[in-house]
Amino acid sequence: TSAALTLLGGSVAAVVVWKWLGKKMIQKKMEEARKTRDEGLKKMAKAVQQFREQVPSVQTDAILSLPLLGLTERLREGSLSPKTVLYTYLEKVSALEVNQQTNCLRDFIPECEEQLQEIQRQKEKGLLYGIPVSIKDHIGHKGHLSTCGLVQCLDTVMKEDSVLVKVLKRQGAIPFVMTNVPQSLFSYDCSNPIFGQTLNPLNHQKSPGGSSGGEGALIAGGGSILGIGSDVGGSIRLPSSFCGLCGLKPTAERLSVWHIHLLNVGVCCCPIPVPCALGPMARDVDSLALCMRALLCEEMFRLDPTVPPIPFNEEVYCSSAPLRVGYYDTDGYFPLPPCMRRAVKETRSALQAAGHQLVPFSPPRIPYVMTELFLKTFFADGGRVWLDVFTGDIIDPSLKQQVNFCKTPRLVKKILALLLKPLQFLLLLKLKDVAMISTCRSVKEMWNHHHQIQAYRSEFITQWKELHLDVVLCPVLGPAFTTGYPGKLLNAISSTMLYNILNFPAGIVPVSTVTEADEEELKLYQGCCDDSWDRKLKQAVSGAVGMPVAVQCVALPWQEELCLRFMKEVETLSRDK
């Protein structure tokens, strides 16, 4: 007996030591990654200092205040040099007011100096000649990590540029930094255990959104004029909403995703029913249009034959014909804060006054879409494959609720579902990220799930066509959440998630800011039934006076130019108020 106890004690001690050693190894890898990042940022600061010594009279504020179209014009005519512009933005990034306050950078790209030399050798100046561009962590750049905020990816050095980066470079752009992301990309906060929490530059108590949160923070902080993000549930649009930017999620296949680091899990590799879309983020709509115009070129169609060879349609973007606009200010699933609904109502009135035709539109069956289509896509296996990406990792606090749910035994989830089901119908609508998520238990069920998504798309388009709509105006989640809250409210993203399921182009335009009156009205907000989810939302968005308030603009698949044209109209009307 004593021998058995000794053996048992020895085994327990060995397990404890093994776990301790494993944790120490993880921490060492994370420290090395942070050290490498910090060394890169020091190189960036040193390069800026050397440039400043050579050219001390640069008018930094004048350059940073130029809109993208104005900057490209100055660069092409030669009144500004690409080198001056690049180092002006590098200085802004390395200065205290951007990265050190928001922690938005994941890496400096020193090869930007090589690209600077390369564009000066090019025979023709591309549409983005001399423009510094920031890119999201997982958009592949040769010689750099693509971490997805995970320790297991700290050895993943990209062997070549992604197609999108190659096309940017061909058009004269200079990728100069990579930006931070949430762990596994499956969050609309922006925090991971390796590089930490990214903050909103407009209010450091608030999240910049996610998963393209580093991009949102950097551009809103003035450290980049154009960035590239990705979107599979709102990851371009939510940071744009939270940070007061314009952002476009195109139809997924409109831009190449070749050589983008996508984890081998349902969540991040973007299964066929809900594909990943890459798109631009910037300060204004014209910048998004210029970026799309530059990317939709022969070079992209040649490098990635799976991208339909559809060049940018200038005629559609520049049209001034009146539009027939469908609108709604709630999807009937997760009631948004009063200021976001106010934004839709005010924009609707402005569009009507400008001569557009406004038609009430009600998106069908959103509770079904959220639980049976969207979440079931990502948790088809109960989240087991997603959990694998955290093997040998420390789980970020923002993801612990989802991870703990996925770890809950299936039998316990079933019992929970049975116990909670009789309570009330409205509670069912709120249990989107708890026990009500169903899984696909066979290949047949998975195929049926794919069919259900296609059937819903057909239903939605039929309803759209019956009303003869050109575009739709609708709300987006906002204003910016206090950090830590996005992980508690996964179910709040129905406003953006819908257009990933549908694979429609959708863009964000800031139109207002939170007022004292909005804050007072928020105190009366009860949501569906004044339950814990509604109270959490109230807590998440409170204290946001002065923060951006945006709307969402939507078009049918492959009509990015029409979506951008509508966004431009909304932007112009909001600025004329």
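The values are calculated or read from the model by the stated rules, or taken from the named source; none is laboratory data. This is a predicted model, so every value here is computed, not measured. Positions of Cβ are generated from backbone atoms using ideal geometry, with glycine treated the same way; all protein chains shown enter the neighbour counts. Calculation scope for accessible area: heavy atoms of the full protein, side chains included, ligands and nucleic acids excluded. Shrake-Rupley method; radii C 1.70, N 1.55, O 1.52, S 1.80 Å.
A few notes on this one:
- Enumeration of residues in region 163-187 that are of a type in the set (Phe, Trp, Tyr) and open to solvent by 10 Å² or more (accessible area, probe 1.4 Å): Phe186
- Per the conditions (1) β-branched (Val, Ile, Thr); (2) surrounded by 18 or more Cβ atoms within 10 Å (Cβ to Cβ); (3) touching a helix residue (DSSP H, G or I) at 6+ places or on another chain (Cβ under 6 Å), the sole criterion not satisfied by Ile395 is (2).
- For region 119-162, a residue qualifies if it is among the aliphatic types (A, V, I, L, M), open to solvent by 10 Å² or more (accessible area, probe 1.4 Å) and over 30 Å from Asp388 (Cβ atoms), and exactly one does: Leu127.
- Look at region 27-45: where a residue is touching a residue at least 40 places away in the same chain (Cβ under 8 Å) and closer than 23 Å to Tyr89 by Cα and a partner is of a type in the set (Ser, Thr, Tyr) and assigned to a helix (DSSP H, G or I), sitting 6+ places away or on another chain with Cβ atoms under 6 Å, you get Met44/Ser94; Ala45/Ser94.
- Leading residue by the ranking (modelled with the lowest pLDDT) among those in region 232-246 that are among the small types (Gly, Ala, Ser) and under 19 Å from Phe186 (Cα atoms): Gly233
- Residues located in region 224-263, provided they are part of a loop (DSSP other than H, G, I, E, B), buried (at least 24 other Cβ atoms within 10 Å of the Cβ) and touching a Cys at 6+ places or on another chain (Cβ under 7 Å): Val232
- Selection from region 204-223 of residues that are open to solvent by 10 Å² or more (accessible area, probe 1.4 Å) and at positive phi: Gly222
- Gly527 vs. criteria in contact with a strand residue (DSSP E or B) (Cβ under 8 Å, 6 or more places away or on another chain) and assigned to a loop (DSSP other than H, G, I, E, B): no
- Members of region 463-487 found to be in a strand (DSSP E or B) and buried (at least 21 other Cβ atoms within 10 Å of the Cβ), listed by number: Val471, Val472, Leu473, Cys474
- Contact map, region 553-569: residues that are β-branched (Val, Ile, Thr) paired with residues that are assigned to a loop (DSSP other than H, G, I, E, B) and at pLDDT 95 or above, Cβ distance under 6 Å, separation 6+ or inter-chain. Pairs shown: Val554/Phe504.
- Here the condition is being part of a helix (DSSP H, G or I), at pLDDT below 95 and within 21 Å of Asn99 (Cα to Cα); of Val15, Val48, it holds for Val48 alone.
- In region 446-458, the residues that are closer than 21 Å to Pro363 by Cβ form Cβ pairs under 9 Å with partners that are of a type in the set (Val, Ile, Thr) and loosely packed, with under 15 Cβ neighbours inside 10 Å, at six or more places apart or across chains, as follows: His450/Ile272.
- Single match in Gly355, Gly326 (criterion: more than 23 Å from the chain's Cα centre (by Cα) and either more than 22 Å from Asp231 (Cβ to Cβ) or of a type in the set (D, E, K, R) (or both)): Gly355
- Residue among Ala544, Ala550, Ala492, Ala540 that is assigned to a loop (DSSP other than H, G, I, E, B) and buried (at least 21 other Cβ atoms within 10 Å of the Cβ): Ala544
- Matching residues, region 495-525, being among the polar types (S, T, N, Q) and closer than 21 Å to Gly484 by Cα: Ser495, Thr496
- Of all residues in region 96-118, none satisfies being buried (at least 21 other Cβ atoms within 10 Å of the Cβ) and under 19 Å from Asp286 (Cβ atoms).
- Residue in region 84-94 that is within 24 Å of Val285 (Cα to Cα), aromatic (Phe, Trp, Tyr) and part of a helix (DSSP H, G or I) present: yes
- Qualifying residue in region 64-77 (condition: at pLDDT below 95 and either assigned to a loop (DSSP other than H, G, I, E, B) or in contact with a Leu (Cβ under 9 Å, 6 or more places away or on another chain) (or both)): no
- Per-region count, region 298-339, residues among the β-branched types (Val, Ile, Thr), surrounded by fewer than 18 Cβ atoms within 10 Å (Cβ to Cβ) and within 28 Å of Ser162 (Cα to Cα): 2
- Residues satisfying the stated conditions in region 363-381, i.e. open to solvent by less than 10 Å² (accessible area, probe 1.4 Å) and in contact with a Lys or Arg (Cβ under 8 Å, 6 or more places away or on another chain): Met370, Leu375
- Counting the residues of region 95-106 that are among the hydrophobic types (A, V, I, L, M, F, W, C) and either under 17 Å from Ile228 (Cα atoms) or not in a helix (DSSP H, G or I) (or both) gives 3.
- Boolean, Ile63 is among the β-branched types (Val, Ile, Thr), within 29 Å of the chain's Cα centre (by Cα) and surrounded by fewer than 22 Cβ atoms within 10 Å (Cβ to Cβ): yes
- Qualifying residue in region 366-379 (condition: touching a residue at least 12 places away in the same chain (Cβ under 8 Å) and under 29 Å from Met30 (Cα atoms)): yes
- Once region 430-452 is narrowed to residues that are in a helix (DSSP H, G or I) and among the hydrophobic types (A, V, I, L, M, F, W, C), the residue that is modelled with the lowest pLDDT is Leu431.
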